[in-house]
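The values are calculated or read from the model by the stated rules, or taken from the named source; none is laboratory data. On a predicted model such as this, the values are computed, not experimentally measured, just so you know. Note that we place each Cβ from the backbone using ideal geometry, even for glycine, and neighbour counts take in every protein chain shown. We work out accessible area using only protein heavy atoms, side chains counted, and drop any ligands, DNA or RNA first. Shrake-Rupley method; radii C 1.70, N 1.55, O 1.52, S 1.80 Å.
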Amino acid sequence: MIALESAKVAIQNVEVLRNFSIRIEPGHMVGLIGRNGAGKTTVMRSIMGHLPLLAGSLRLDGTDLSNAAPHERAAHGVGYMPEDRGLVPELTVEENICLPLWVSPTLVLRERLEFVYGVLPELREMRERKAMLLSGGQQKMVALARALSVGTKLLLLDEPFEGVAPALSQRLSEVIGQLRGSGLSVLISQSDLNHS
């Protein structure tokens, strides 16, 4: 599904990734484990196009995306849940989920929203609440839902369990586990093996 080959990525002239490669087959879940500062988020941001490749290549489902803009990668079915959640606090839960769908030329908003609510039914009840009024764990669930809304081929989940209460962490694990067998490829970065 995805192949990042011999990637070289720098942040402020400091090389973070040096000749890094990862391949994820269709329908597989892969855990990227490493301590803080090891480059896990850099891998995610590079795949999403938020950080440019100085060398190497990125292919998604056979298509070269090495120089594609982030919105073009999302249009190819890549959903991204950043570590910091990246929600717009003033928008409602549903509006945050719909943000990438509003600009998608191919996805049908109602269909994707129903899919998301099918996977995370508790969010339907919260859909009118402002994101700023949610707990950290609830915000992570909304960020996951937003990634699921456009992630039809690949989900990138950056530290989804970080800073989440045990009960919500368990719920996130269940939701991600439900995706097995769906054909969706998932890359999860974590600092430890607990949820892998």
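When restricted to residues that are out of contact with any strand residue (DSSP E or B) (no Cβ under 8 Å at 6 or more places or on another chain) and aliphatic (A, V, I, L, M), region 7-48 contains 3. Annotation note: Cβ proximity below 8 Å between a residue of region 67-84 that is modelled with pLDDT of 90 or more and surrounded by 17 or more Cβ atoms within 10 Å (Cβ to Cβ) and a residue that is assigned to a helix (DSSP H, G or I) and charged (D, E, K, R) (sequence gap 6+ or interchain) occurs for 79/146; 81/140; 81/146.
In region 112-141, the residue that is nearest to residue 167 (Cα to Cα) out of those that are open to solvent by 30 Å² or more (accessible area, probe 1.4 Å) and of a type in the set (Lys, Arg) is 124. Restricting 187, 193 to residues that are buried (at least 20 other Cβ atoms within 10 Å of the Cβ) and closer than 25 Å to residue 39 by Cβ narrows the list to 187.
Here residue 163 meets the list (1) at pLDDT below 95; (2) in contact with a helix residue (DSSP H, G or I) (Cβ under 8 Å, 6 or more places away or on another chain); (3) more than 25 Å from residue 35 (Cβ to Cβ) almost entirely, failing just condition (3). If only residues of region 39-48 that are closer than 15 Å to residue 159 by Cα and β-branched (Val, Ile, Thr) are counted, the one that is surrounded by the most Cβ atoms within 10 Å (Cβ to Cβ) is 43. Within region 19-30, the set of residues being surrounded by 14 or more Cβ atoms within 10 Å (Cβ to Cβ) and part of a strand (DSSP E or B) comprises 20, 22, 24, 29, 30.
Every residue in region 131-142 that is under 16 Å from residue 170 (Cα atoms) and among the small types (Gly, Ala, Ser), please.
So in region 131-142, the residues under 16 Å from residue 170 (Cα atoms) come out as 135-142.
Residues satisfying the conditions are 135, 136, 137.
Would you tally the residues in region 74-119 being closer than 18 Å to residue 187 by Cα and touching an Asp or Glu at 6+ places or on another chain (Cβ under 9 Å)? Count: 7.
All of (1) open to solvent by 10 Å² or more (accessible area, probe 1.4 Å); (2) within 15 Å of residue 97 (Cα to Cα); (3) not hydroxyl-bearing (Ser, Thr, Tyr) hold for residue 144 with one exception: (1). Name the single residue that is most open to solvent (accessible area, probe 1.4 Å) among those in region 49-63 being assigned to a loop (DSSP other than H, G, I, E, B) and touching a residue at least 12 places away in the same chain (Cβ under 8 Å). Ranking the candidates gives 54 first. Listed by first and then second residue, the pairs with beta-carbon distance under 7 Å, at least 6 apart or on different chains, first residue in region 120-143 and in contact (Cβ under 8 Å) with a residue 24 or more places away in the chain and of a type in the set (Gly, Ala, Ser), second assigned to a helix (DSSP H, G or I) and open to solvent by less than 20 Å² (accessible area, probe 1.4 Å), are 131/93; 131/96; 131/142.
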